[in-house]
Each structure stands twice: as structure tokens, then as C-alpha cells.
1. Out of everything in region 85-108 that is surrounded by fewer than 18 Cβ atoms within 10 Å (Cβ to Cβ) and either more than 24 Å from the chain's Cα centre (by Cα) or among the small types (Gly, Ala, Ser) (or both), what residue ends up being modelled with the highest pLDDT?
2. Can you pull out the residues in region 153-183 that are touching a residue at least 60 places away in the same chain (Cβ under 8 Å), more than 20 Å from ALA80 (Cα to Cα) and in a loop (DSSP other than H, G, I, E, B)?
3. Just the residues that are surrounded by 10 or more Cβ atoms within 10 Å (Cβ to Cβ), more than 25 Å from ALA136 (Cα to Cα) and of a type in the set (Val, Ile, Thr), please, taken from region 156-178.
4. Considering LEU49, LEU8, LEU54, LEU17, which residue is among the aliphatic types (A, V, I, L, M), at pLDDT below 70 and surrounded by 10 or more Cβ atoms within 10 Å (Cβ to Cβ)?
5. Report the residue count in region 109-132 for those that are at pLDDT 75 or above and of a type outside the set (A, V, I, L, M).
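The values are calculated or read from the model by the stated rules, or taken from the named source; none is laboratory data. A quick note: this is a predicted structure, and the numbers were derived from the prediction, not measured. Neighbour counts are summed over all protein chains in view; Cβ atoms, including those assigned to glycine, are modelled from backbone coordinates with ideal geometry.
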Amino acid sequence: MKNTLRTLSLALIGGLLASSSLFAAGTSTANATLQVTVASEAVFTTIALGTTNLNNASVGNFAGTFQGSTGFNYKVRTGAAAAGTVTLRLTDFTGMSAGTLPIANGFLTFTATTATSGVTIATGDSAFTTAALSAAQTFITFANDTHSASAGDAGSIAWVLADDPSYITGTWTATAQFVISVT
């Protein structure tokens, strides 16, 4: 009987301990690690597509120039050891004779502007000559660790074409190919 009472007492104490752990509050913590690898990247968000008409306000006296502009918006992010560029490649005005091609003869000038995320490195009349017809010309550079605004940054090219009497009359087109890239 003594053993039975002892067994019953131990069983009762064990049951009480087990039931008290059922009512005890507790907290458990676990951690998950999130990792993201963010690469350098660049994109044009908009570019003025279609035709940029170069207009001359002084038609008739060869004193003026043909002028127009092409705007673009972009987003860019470069890393600590990465940089980037915006380049431009041109085709000359189709249909004109070789002696009067405006770009090959250096008659097309431009001014590039960009937001603070890029450094405009090329402006003026020396950038677009025969060399621009065979290879892309860099006109904006992005340094290491460059970041545009979240909404993007804006830039533009203001074109100026000399009004030269050697041009053949008619409507002529040239193609400007813009490329933005990061390394």
C-alpha cells in the first residue's frame, strides 16, 4: 500500500508539473537571412522617338542655322568598381552627294546636357565628323557609384546644322542611335 501511495503521489506530482507547462507562456525566435545582389544597370526610360525637325528661322539669307533637339530620360546605377556611358552614332543624311554631306564635313554641331548623375563630356563641332559615322561617340560618362534619381534623370541633345549653299534641296534624314550602358 505504501508503494501504491508513493506511486500515486509521484504520478500526481508529475501530472501537475505536466499540466502547468501546458499553461505556461513562451516565446520562440528564429531568423531568416535575406540577401540581394544589386548589379549595375542603365536604361532609357523615354527618348524622343520619331523625327526631330531641324528648322531655320532665317531661310533665304544663309545667315541662320537649322536647329532642333532630342530629349531623353534614363535611370542609371553603377557600382563601386563600375562606370557607364551614353554614346551616339550617326548616319549621314541619305540622298545627298558625298561632297555636301553635312556630318562628314563637320557642319552638324551639338550641345549635350544631362542631370547631375552624368558628366557631359562632349559638346561642340568637333565631335560629329566622319568619325561619328563609323563609330559611336561617347558624350556622357557615369563615374563609379553613380545613381540617378528614382524617377530617372533627363538629358538632351541640341542640334545645330549650318545652312550651307552646297546642300541639295529636298528633305533629308539622318539616324541618331543612342546607347546607354554600364560595366
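1. Top of the filtered list is THR94.
2. The answer is ASP163, ASP164, PRO165, SER166, TYR167, ILE168, GLY170, TRP172, THR173, ALA174, THR175.
3. Scanning region 156-178 gives a single hit, ILE168.
4. After applying the criteria, what remains is LEU8.
5. 6
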